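Asker: Got a structure for you, written out below as structure tokens; questions coming shortly.
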Amino acid sequence: MSKFDGKVVLITGAAGGIGKATAKKLAEQGAKLALVDLNVEAVQQVISELGLDDSRALALKANVANEEEVKAYVDAAVEKFGKIDGFFNNAGIEGITANVEDYPTDIFERVLNVNVKGAFLGLKYVVPVMKKQGYGSIVNTSSGAGLIGSPGFVGYNSSKHAVIGMTRVVALEAAPFGVRVNAVAPGVINTRMMRQIEKNTVPEDAEGAREAFSSAVPMGRYGEAEEVANVAVFLLSDEASYVAQSIYTVDGGQINQ
Ligand SMILES: NC(=O)c1ccc[n+]([C@@H]2O[C@H](COP(=O)([O-])OP(=O)(O)OC[C@H]3O[C@@H](n4cnc5c(N)ncnc54)[C@H](O)[C@@H]3O)[C@@H](O)[C@H]2O)c1
């Protein structure tokens, strides 16, 4: 019997690098998946790549920053599968790279809207389902940028600090009901998001930016989405049954050095 046989896991940002890698590992271990993204065609593509039939997977289009759409994706997952065992609250955007005086206010608001309000709304609607069940595990995706300052990233860093704050609060509110809430804090991970950040940071030499980001990591390289997925899957699983309110860095040793 596989670890996630009979379990239902809801993932946001499921079409992206880390969301997809996590969906794949969970599918391999028997989970049923409710996969949410703005880009529902890409989610459908993930489902077909994983070879999941209708009984195992549900593709849901939602903007995680829209309360009605969040309520609808949670309701749809419960309606189809009857429960939610795990929630990977993972959708996020990077914004741009600029010092505070040059950081456009509308982009600051957009980043907070998706990364903070989106994560908050996911918790707001999933926690009551899990409290009622008397069990569940939630993993929020923060970032190394949620633990330290990175010049040029005032929007993104502020948003990911907020995700750590809400993880700490909601973990304490949910723990008495058998619901565990933790966060992963990835460092530089080899997905679309870092490709964009490299371009935003040094438009004329994205490759050079990549080398500079890599060499700042004690392990000397980017992480792969699968390496974040391994930690998220552990936290979602019963093997992490006594892990609550933790922030797991997945960063090659970068953040706490
Ligand atoms: N890649 C990294 O280096 C890194 C490091 C630390 C943290 N993170 C975080 O990991 C998470 C996943 O990032 P990724 O690297 O897989 O990036 P990605 O861009 O590959 O994936 C993000 C996914 O989120 C979706 N999304 C964006 N806004 C949305 C919205 N409003 N509603 C619904 N879906 C939306 C996108 O369509 C995309 O599929 C993000 O929260 C990101 O901030 C990434």
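The values are calculated or read from the model by the stated rules, or taken from the named source; none is laboratory data. Source: prediction; values computed, not measured. As a convention, Cβ positions derive from the backbone with ideal geometry for all residues, glycine included, and neighbour counts pool all protein chains shown.
Asker: Given Val217, Val181, Val170, Val188, which one is buried (at least 19 other Cβ atoms within 10 Å of the Cβ) and either within 9 Å of the ligand (Cβ to nearest atom) or at pLDDT below 95 (or both)?
Answerer: Going through Val217, Val181, Val170, Val188 in turn, just one is buried (at least 19 other Cβ atoms within 10 Å of the Cβ) and either within 9 Å of the ligand (Cβ to nearest atom) or at pLDDT below 95 (or both): Val188.
Asker: Kindly establish whether Glu207 is of a type outside the set (A, V, I, L, M), under 18 Å from Ala225 (Cα atoms) and either part of a helix (DSSP H, G or I) or within 8 Å of the ligand (Cβ to nearest atom) (or both).
Answerer: Here the answer is no, as Glu207 does not meet what is asked.
Asker: Restricting the first residue to segment 18-36 and requiring it to be more than 19 Å from Asp54 (Cβ to Cβ), which pairs with a second residue that is away from the ligand (no atom under 16 Å from the Cβ) meet a Cβ separation below 7 Å and a spacing of at least six or different chains?
Answerer: Gln29/Ser2; Gln29/Lys3; Gln29/Phe4
Asker: Still on this structure, I have one more. Here are some residues: Gly136, Gly122, Gly82, Gly86. Which one is within 13 Å of the ligand (Cβ to nearest atom) and among the small types (Gly, Ala, Ser)?
Answerer: Gly122
Asker: When the residues of segment 78-133 are narrowed to those that are basic (Lys, Arg) and in contact (Cβ under 8 Å) with a residue 12 or more places away in the chain, which ends up nearest to Gly165 (Cα to Cα)?
Answerer: My answer is Lys117.
Asker: Kindly state which helices (runs of 4 or more DSSP H) lie completely within segment 3-88 and contain at least 2 residues that are in contact with a strand residue (DSSP E or B) (Cβ under 6 Å, 6 or more places away or on another chain) and either more than 21 Å from Glu226 (Cα to Cα) or of a type in the set (Val, Ile, Thr) (or both).
Answerer: Because the criterion is at least 2 residues that are in contact with a strand residue (DSSP E or B) (Cβ under 6 Å, 6 or more places away or on another chain) and either more than 21 Å from Glu226 (Cα to Cα) or of a type in the set (Val, Ile, Thr) (or both), the helices (runs of 4 or more DSSP H) in segment 3-88 that meet it are 40-50, 67-81.
Asker: Sort out which residues of segment 228-245 are within 16 Å of the ligand (Cβ to nearest atom) and crowded, with 18+ Cβ neighbours inside 10 Å, and write them in order of number.
Answerer: Of everything in segment 228-245, those that are within 16 Å of the ligand (Cβ to nearest atom) and crowded, with 18+ Cβ neighbours inside 10 Å turn out to be Val228, Ala229, Val231, Ala232, Val233, Leu235, Leu236.
Asker: Would you please name the residue that is farthest from the chain's Cα centre (by Cα), looking only at residues in segment 16-31 that are crowded, with 24+ Cβ neighbours inside 10 Å and either hydrophobic (A, V, I, L, M, F, W, C) or more than 14 Å from the ligand (Cβ to nearest atom) (or both)?
Answerer: It comes out as Ala31.
Asker: Let me ask you something else. Any residue in segment 107-122 that is over 14 Å from the mean Cα position of the chain (by Cα) and under 16 Å from Ala174 (Cβ atoms)?
Answerer: no
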